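*Asks:* Below you'll find the structure I mean.
Read the figures in this text as sums done on the coordinates, not as results from a lab. Everything numeric in this text was worked out from a predicted model, so none of it was measured. Cβ coordinates were reconstructed from backbone atoms using ideal geometry, including for glycine residues, and neighbour counts include every protein chain displayed.
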Amino acid sequence: MPATHEVTNQVPAPYGHDVAADPTLLAALHRAGAGWAEPELHELGVLAGSEQAWEWGRLANEHPPVLRTHDRWGHRIDEVEFHPAWHELMGVAVGHGLHAAPWREARPGAHTARAAKFHVWSQVEAGHTCPVSMTYAAVPALRTTPALAEWLEPLLASREYDFGLREPSAKRGLIAGMSMTEKQGGSDVRANTTTATPQPDGSYRLTGHKWFTSAPMSDVFLTLAQAPGGLSCFLLPRVLPDGSRNRLLLQRLKDKLGNKSNASAEIEYDGAVGLLVGEEGRGVPTIIEMVNMTRLDCTIGAAAGMRYGAVRAIHHATHRRAFGAALVDQPLMRNVLADLVVESEAATAVAMRLAESTDRALAGDAGEALVRRLGLAVAKYWVCKRGPAHAAEALECLGGNGYVEESGMPRLYREAPLVSIWEGSGNVAALDALRAMARSPETVDAFLGELDLAAGADRRLDAATAALRKQLGDHAELEYRTRRLVESMALAFQGSLLIRYGDPAVADAFCASRLGGDHGAAFGTLPVGADTAAVLGRVRL
């Protein structure tokens, strides 16, 4: 009998490559003086490209966390159960220092090295990077209160993942969560109604609710509440020094569009014990540096998703034939694939530049602090905004196969909008850029100075920078047109970085399609003459 199910023209499994073999990422690592991290980055990249890591990501998403509010005898336990694959992912992330480890490292470029590793490992599974990111971001807030930092920072930076509900000092390593927004407020945290009542021993008792608490299985949380002196920041451990459970009651887990592997919860504070972080009434300034760090990770995460999508699309097109030729050799598909790579490299370039800026700012470079302040808001808005469209196009390159869960592309598609919402949706990020320019006009000079480092190298970038200066000088209805302004800033920033550091073919294609007049709205509209062969050559499978 003839075979009726002989398999032909199917794409081989996308395993067995080094995810860290990314020329834009590696070049940025070395520019920041963090070349010492490259061996570990490749070690992580090989693991990220393995079938084992793929399976961990699949299982963690197909078996999402489960809330257990009570034990079988009726006692409240407020536990979240995870599939073992989640713990494997977390163990790798913590073991490679993707969390708070850079804060305890004296080597140059420690935060850039961490950003590169975060970029690589995020491509395996994005959900578990949420608690990893918050643990990284908690340290600057805690440093406003030296006693808390002295106690917790070594444990937050530990490279041992120690899951379980125990008093923080009894653990080998800690994970931090964040609990800010309430039902009535969202991003408007000054509308929070949770109260914090001072106690004789210097602690506070918190009463109220939180509408979104990221990673409720964490060991400690940073949260905002109204103290007598105004909105303040507090640290809440899940387990108190006497071994009892703090009164953080988990009401339910959110049923989210994506990010299925990670738990997000509604929490009730029923007289929960909290420790003041910073000063009373200074909750927002205390927490803002944590937000800046998580916004950096949103940008890196969006760039990582784009790289993953571009690589998967090229892998498929390389091995799939249609109409007598490989998809990758057909002109229109080459245009689409090259455009996806251009967008990916622009996102990675700006994300890694901001990671480098973080290293420099922390080392005391005031100019870099200004570039980072404005550049981070601009990049968070634009790069994260581009992620969902990029994911949709990459999925489409796989046709019907891309719409099937087994391909992994639907998970990418569902995940992509998250980073555009988390830590401030598009409007919040754009308005934050406007606020930075209004409150610190010197950030504008620093940002334009960054663009001017590429002045004269490309006429399209020069014209875009000149047009941007004109936009910045026009204050009429500025808030109404903020998105257009911030988009222009982001594109000029990316163009400048690609002209200075990127592959010439990528830089030319970017400037022609994003800054020049010869462009379309969809991916795959690079103008005739773009060197698509050179652009696609940037991805080695």
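*Asks:* On a C-alpha basis, how far is the centre of the range 243-302 from the centre of the range 493-541 in Å? Whole number, if you could?
*Replies:* 39
*Asks:* Would you please give the residues with an amide H less than 5 Å from that of Glu182, counting only those at least 5 places away or on a separate chain, with H modeled from the backbone geometry?
*Replies:* The list, which skips near neighbours in sequence, is Trp211.
*Asks:* Could you order peptides 486-492, 301-307, 109-115 by the average number of other Cβ atoms within 10 Å of their residues, highest first? Provide the component values of the computation, followed by the final result.
*Replies:* Working: 486-492: 23.4, 301-307: 29.6, 109-115: 26.4.
Order by mean packing, descending: 301-307, 109-115, 486-492.
*Asks:* Ok, one more. Once both labels are modelled 7 Å past Cα along the beta-carbon direction, what's the Arg321-Ala191 spacing in nm?
*Replies:* Here the modelled spin labels are 6.0 nm apart.
*Asks:* When DSSP beta bridges are limited to those with both residues in the range 23-281, what percentage is antiparallel, rounded to the nearest 5?
*Replies:* Details: 36 of 41 bridges.
Taking every DSSP beta bridge with both residues in the range 23-281, the antiparallel ones total about 90 percent.
*Asks:* For the chain, what is the Kirkwood estimate of the hydrodynamic radius, computed as the reciprocal of the mean inverse distance between distinct Cα atoms, to one decimal in Å? Let's see the in-between values first.
*Replies:* Working: mean 1/r = 0.0416 Å⁻¹.
Value: 24.0 Å, from the Cα pair sum.
*Asks:* Moving on to the next point. Just grab the label-to-label distance for Leu448 and Asn427, each label 7 Å out from Cα along the Cβ direction, in nm (one decimal).
*Replies:* Using points 7 Å along Cα→Cβ, the separation is 2.9 nm.
*Asks:* Continuing with this model, one more query. Give me the number: length gained by fully extending Arg172 to Glu406, i.e. 0.36 nm times residue separation minus the C-alpha to C-alpha distance, one decimal in nm. Could you put the intermediate results ahead of the total?
*Replies:* Working: separation 234, 0.36 × 234 = 84.24 nm, distance 3.67 nm.
That pair, Arg172 and Glu406, stretches by 80.6 nm at full extension.
*Asks:* Using the beta-carbon distance between Trp36 and Tyr501 and R0 = 25 Å, what value does 1/(1 + (r/R0)^6) give for FRET efficiency, to the nearest 0.05?
*Replies:* Working: r = 20 Å, r/R0 = 0.79.
Given R0 = 25 Å and the Cβ-Cβ separation, E is 0.80.
*Asks:* Dipole size in debye (nearest 20) for the range 285-536 around its Cα centre, Lys and Arg Cβ +1, Asp and Glu Cβ -1? Show your work: numbers first, answer last.
*Replies:* Working: 26 positive and 31 negative charges, 70 e Å.
Value, rounded to 20: 340 debye.
*Asks:* Which angle between 0 and 90 degrees, to the nearest 10, do you get for helix 459-473 versus the longest principal axis of the chain when only C-alpha atoms count?
*Replies:* The two axes meet at around 40 degrees.
*Asks:* What angle do you read, to the nearest 10 degrees and between 0 and 90, between the alpha-carbon axis of helix 331-362 and the longest principal axis of the chain?
*Replies:* Helix 331-362 sits at roughly 40 degrees to that axis.
*Asks:* So, one more: For the chain, what is the calculated [θ] at 222 nm in deg cm²/dmol (nearest 500), taking -39500 (n - 2.57) for each run of four or more DSSP H residues and dividing by its residue count?
*Replies:* Values: 18 runs with 267 residues, N = 541.
Result for the chain: -16000 deg cm²/dmol, rounded to the nearest 500.
*Asks:* Looking at the chain only, what percent of DSSP beta bridges run antiparallel? Nearest 5 please. The partial results should precede the final answer.
*Replies:* Numbers: 38 of 43 bridges.
About 90 percent, rounded to the nearest 5.
*Asks:* Roughly what angle does helix 442-452 make with the longest principal axis of the chain, taking Cα atoms, 0 to 90 degrees, to the nearest 10?
*Replies:* Around 30 degrees separate the two axes.
*Asks:* Treating only the Cβ of Lys, Arg, Asp and Glu as charged (+1, +1, -1, -1), what charge dipole size does the chain show about its Cα centre? Round to the nearest 20 debye. Display every interim value, and only then the final one.
*Replies:* Values: 54 positive and 63 negative charges, 122 e Å.
Its charge dipole is roughly 580 debye.
*Asks:* Where the centroid of each part is defined by its Cα atoms, how far is the range 7-68 from the range 355-434 in Å?
*Replies:* If we compute the Cα centre of each part, the gap is 18 Å.
*Asks:* State the answer as a single residue: which of Ala191, Gly35, Ala106 lies farthest towards the positive end of the charge dipole of the range 23-281, with beta carbon charges of +1 for Lys and Arg and -1 for Asp and Glu, about the Cα centre.
*Replies:* In the range 23-281, that residue is Ala191.
*Asks:* Excluding same-chain residues fewer than 8 positions from Lys171, which lysines have a Cα within less than 30 Å of its Cα?
*Replies:* By straight Cα distance, Lys171 reaches Lys117, Lys210, Lys254, Lys260.
*Asks:* Which loop GluC sites (Glu not before Pro) in the range 102-208, with loop taken from DSSP, have no more than 12 other Cβ atoms within 10 angstrom of their Cβ? Show your work: numbers first, answer last.
*Replies:* Values: sites: Glu105, Glu125, Glu150, Glu160, Glu182; in loops: Glu105, Glu125, Glu160, Glu182.
Those that pass, being in a loop and sparsely packed, are Glu160.
*Asks:* Would you work out the charge dipole size for the range 145-197 about its Cα centre, treating the Cβ of every Lys and Arg as +1 and the Cβ of every Asp and Glu as -1, and quote it to the nearest 20 debye?
*Replies:* Details: 6 positive and 7 negative charges, 22 e Å.
I would put it at about 100 debye.
*Asks:* Here's something else I'd like to know. Are there GluC sites (Glu not before Pro) in the range 260-314 that DSSP puts in a loop and that have at most 12 other Cβ atoms within 10 Å, and which ones? Please list the in-between numbers first.
*Replies:* Details: sites: Glu266, Glu268, Glu279, Glu280, Glu289; in loops: Glu279, Glu280.
Answer by residue number: there is no such site.
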